[in-house]
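Following: one structure in structure tokens, then a few remarks.
The values are calculated or read from the model by the stated rules, or taken from the named source; none is laboratory data. Nothing here was measured: the structure is a model prediction, and the numbers come from that model. FYI the Cβ positions are ideal-geometry reconstructions off the backbone, even for glycines, and counts take in every protein chain you see.
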Amino acid sequence: MTTPDVRAFYTTLGIELPGWPKLEAPIRCFAQADAHHYNDRSPSCSVNLASGAWNCHGCGAHGGAYALYRALAVSSGALDPIRRPDLTNYGLVGFGRFSTPDAWLSTWSARSTNADFLRCAPGVTGPVLLVELTGDQASFPADTAAMSAAFSTRGPGRGDFTGARVAGTHFGGPIAQGQPTGSSLAAAEIGAWLAERYPVGAVTR
Ligand SMILES: [Zn+2]
């Protein structure tokens with residue numbers, strides 16, 4: 001976020017940030033007003049104008065922009081504070097971390113997606129490692145073959161393509177009891193592939 005974005009974001013939620021020349025703008029606590037005397041007349045809370053993160057030095061409530069929705073819902077009585085937060089977006093595969101919900105949902109559209117693999121693959125400019133899970137219940141060998149072929153139509157200088165096959169199921173489980181997981185086998189392939197192209201210690205800053 002930039003400063004204008006942060007201001008606009010808070011304004012949308014009914015919180016007017018004061019004009020303030022420094023990075024941390026003081027504001028009355030909006031998370032737990034009841035926890036302060038005189039409606040927190042001398043502001044205990046501050047908002048970072050660059051990141052949107054907020055922190056109340058009085059009651060200890062704090063969070064980022066995402067947590068602000070929850071804090072406001074609780075303080076307005078719309079949300080029971082005992083409700084456990086949905087941490088999906090903070091997880092490894094959080095749907096909203098790197099794309100908007102609209103963008104994510106559009107990948108599943110049968111009629112209007114812009115994420116068609118075979119159409120987009122030729123536009124990939126970096127090195128590619130395509131790992132096939134041989135026990136995948138949703139993607140089959142013919143699919144992998146078509147995906148591999150799509151990369152072969154990339155332009156000149158984009159020829160670094162590696163295909164790998166490991167035993168595993170759709171979400172990276174073991175293909176049979178007692179077997180290593182598909183995730184661990186895929187990780188080994190990825191590790192070796194990375195080490196070859198980006199040796200540790202060779203990173204320049
Ligand atoms: Zn507070």
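Could you tell me whether Asp102 is assigned to a helix (DSSP H, G or I), modelled with pLDDT under 90 and over 23 Å from Gly191 (Cα atoms)? Judged against the criteria, Asp102 is a match. Selection of the stretch 163-204 for residues being among the basic types (Lys, Arg) and under 16 Å from Val131 (Cα atoms) yields only Arg165.
Looking at the stretch 51-67 only, could you name the residues that are more than 10 Å from the ligand (Cβ to nearest atom) and farther than 15 Å from Asp5 by Cβ? Steps first, answer last, please.
Step one: of the stretch 51-67, the residues more than 10 Å from the ligand (Cβ to nearest atom) are 51-53, 63-67.
Listed by number, the residues that qualify are Gly63, Ala67.
Identify the single condition in (1) outside any helix (DSSP H, G or I); (2) over 24 Å from Thr107 (Cβ atoms); (3) in contact (Cβ under 8 Å) with a residue 60 or more places away in the chain that Trp193 does not satisfy, given that it satisfies every other one. Just one mismatch for Trp193, condition (1). Among the conditions (1) touching an Asp or Glu at 6+ places or on another chain (Cβ under 8 Å); (2) of a type in the set (Val, Ile, Thr); (3) part of a loop (DSSP other than H, G, I, E, B), the only one that Thr125 does not satisfy is (1). Of all residues in the stretch 124-143, those that are loosely packed, with under 11 Cβ neighbours inside 10 Å and of a type in the set (Gly, Ala, Ser) total 3. Among the residues making up the stretch 1-50, those that are under 16 Å from Ser76 (Cβ atoms), surrounded by fewer than 19 Cβ atoms within 10 Å (Cβ to Cβ) and away from the ligand (no atom under 12 Å from the Cβ) are Thr12, Leu13, Gly14, Ile15.
Annotation note: Cβ proximity below 7 Å between a residue of the stretch 52-63 that is under 15 Å from Ile15 (Cα atoms) and a residue that is near the ligand (Cβ under 6 Å from one of its atoms) and outside any strand (DSSP E or B) (sequence gap 6+ or interchain) occurs for Cys56/Cys29; Cys56/Ala31; Cys56/Ser44.
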